[in-house]
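Presented below is the structure to which this report refers.
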Amino acid sequence: MLLVLTVLRYGVFALVALAALSALGAMAVQSRALSPFGRTARTIRRLTDPALKPIERRLLRTGGNPQSAPWWMLGVAVLGGILVITGAEWVVRETGVLVAAAQGGGRSLLYVLVDWSFGLINLALIVRVVGSWFGIGRWTTWMKPFYYLTEWFLAPLRRMLPTVGPLDISPLVAWLVLGWLIKPFVLGLL
């Protein structure tokens, strides 16, 4: 499994390096450091346009500057690579935990599943809060599951907590209550 992660890291590094070279080449053509009508510039455009044109169209639709598309491509490559590597490492780690818990018996397996459930609720709280910062509401299709996972706990808290101006502190209180009171209590019972 370690070999797979190593190969994945090198593959992601290669893709990010390719994105960086593509971005630098496209920026050299845009800034006219390379003659836009020369053979090198045409080759660069032919190779980078399939990746950059969709990003440029997206930037135009959202009111951005299409000339910043190379930077966006590089940023997406770096962040996507970080997410892929982190996700793969998480899957490997949690698979090991699950295998160890299965060997430990039913009680260990139940402990891990309950712990994962609390982790899932915490993740839903984080996604919900970050989504609210960007104006993504509860009726957005991909946000609905996060609201379903958290609203059962947040609604009663919201009714009990005093208002703090326009801020909703119920997710923070829920995170603290779940992490410091309920999770240790439930896991202690197992």
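The values are calculated or read from the model by the stated rules, or taken from the named source; none is laboratory data. Everything numeric here is computed off the predicted structure, so don't read it as measured data. A quick note on method: Cβ atoms are made from the backbone with ideal geometry, for glycine too, and the neighbour counts reach across all protein chains shown. Quick note on the areas: whole protein, heavy atoms, side chains included, nothing else; ligands and nucleic acids left out. Shrake-Rupley method; radii C 1.70, N 1.55, O 1.52, S 1.80 Å.
Values computed for the structure shown
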quantity	calculated
Peptide ranges 35-42, 24-31 listed from the most packed, as the mean C-beta count within 10 angstrom indicates	24-31, 35-42
Ordering of 57-66, 157-166 by burial proxy (mean other Cβ atoms within 10 Å per residue, highest first)	57-66, 157-166
Percent accessible area from carbon and sulfur atoms, the range 8-163, protein chains only, probe 1.4 Å	70
1.4 Å probe accessible area per residue over the chain, in Å²	69
222 nm mean residue ellipticity, helices alone, for the chain (DSSP H n ≥ 4; -39,500 (n - 2.57); rounded to 500)	-27000 deg cm²/dmol
Global form of the range 1-152, assessed from the alpha-carbon gyration tensor, a/c cut-off 1.5	oblate
Rounded, prolate or oblate (a/c below 1.5 giving rounded, otherwise prolate when a/b exceeds b/c) for the range 83-190 by Cα gyration tensor	oblate
